[in-house]
Amino acid sequence: LPQGEISTVMVKVAPGADPHKVALQILLDVPGVVPIESPSLFGAFREQMLGLLWGFMALLGLAWVLSTVMIGLIFSMAANERRREIAVLRALGSTRYFVFETILSEAALLAFAAGLLGIAASSLIVYLARDYMAASLRMPFLFPSPASFLVLALAGLGLSLATVALATFLPAWRTSRQEPAITMRE
């Protein structure tokens, strides 16, 4: 269309009127005009966005499961490397619960530090790239309010801690159950 010409007109339908009948009347009375009813106009966009959202959530869930397994494997290898140190602690009188608690505390401290660093880095990157993202998506981008951002950051930090606790529970439990005499002989 040449600049200055109208490409779209929205018609407000009276309460109680049938939008489908109004669209048919416009189609018959106004030549060269194609009416699009509001539910179909926004419905297709909504369906596309829901499809993207479900795909994104599926990928996010898969990434979360894989990262939880990887964290568990890494802590299992670390506990295996430190089994003699843990056996010495047990031989000196540490309880199984103390060993278990120590491993989980170490994991929680690492998760807390990594979570804070990740939230700070990702927030900075999103803040600096907000104009580029808005232009790429052709949609406005609003950074959340400070209160909303704090809630999101705390939720992310909580998810980080819960993920690491879940991933390190089994390696910590297995390590705390080892007999010190057998471990020290190996």
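Annotations for the structure displayed:
- Helices (runs of 4 or more DSSP H) within region 98-186 that include 1 or more residues under 24 Å from V65 (Cβ atoms): 146-176
- Hits in region 136-168 - residues which are farther than 23 Å from L117 by Cα and either surrounded by 11 or more Cβ atoms within 10 Å (Cβ to Cβ) or touching a Ser or Thr at 6+ places or on another chain (Cβ under 8 Å) (or both): F141
- Residues that are within 24 Å of G61 (Cα to Cα), crowded, with 17+ Cβ neighbours inside 10 Å and of a type in the set (A, V, I, L, M) do not occur anywhere in region 120-133.
- A search for C-beta distances below 7 Å between a residue of region 118-140 that is more than 22 Å from M49 (Cα to Cα) and any residue that is open to solvent by 60 Å² or more (accessible area, probe 1.4 Å) and not in a helix (DSSP H, G or I), counting only pairs 6+ apart in sequence or on different chains, returns Y127/F143.
- Every condition in (1) open to solvent by less than 70 Å² (accessible area, probe 1.4 Å); (2) farther than 18 Å from R174 by Cα holds for A108 except the one numbered (2).
The values are calculated or read from the model by the stated rules, or taken from the named source; none is laboratory data. It should be emphasised that the depicted structure is a prediction, and the values quoted were computed from it without experimental measurement. With ideal geometry, Cβ positions are generated from the backbone for all residues, glycine too; neighbour counts draw on all protein chains shown. Calculation scope for accessible area: heavy atoms of the full protein, side chains included, ligands and nucleic acids excluded. Shrake-Rupley method; radii C 1.70, N 1.55, O 1.52, S 1.80 Å.
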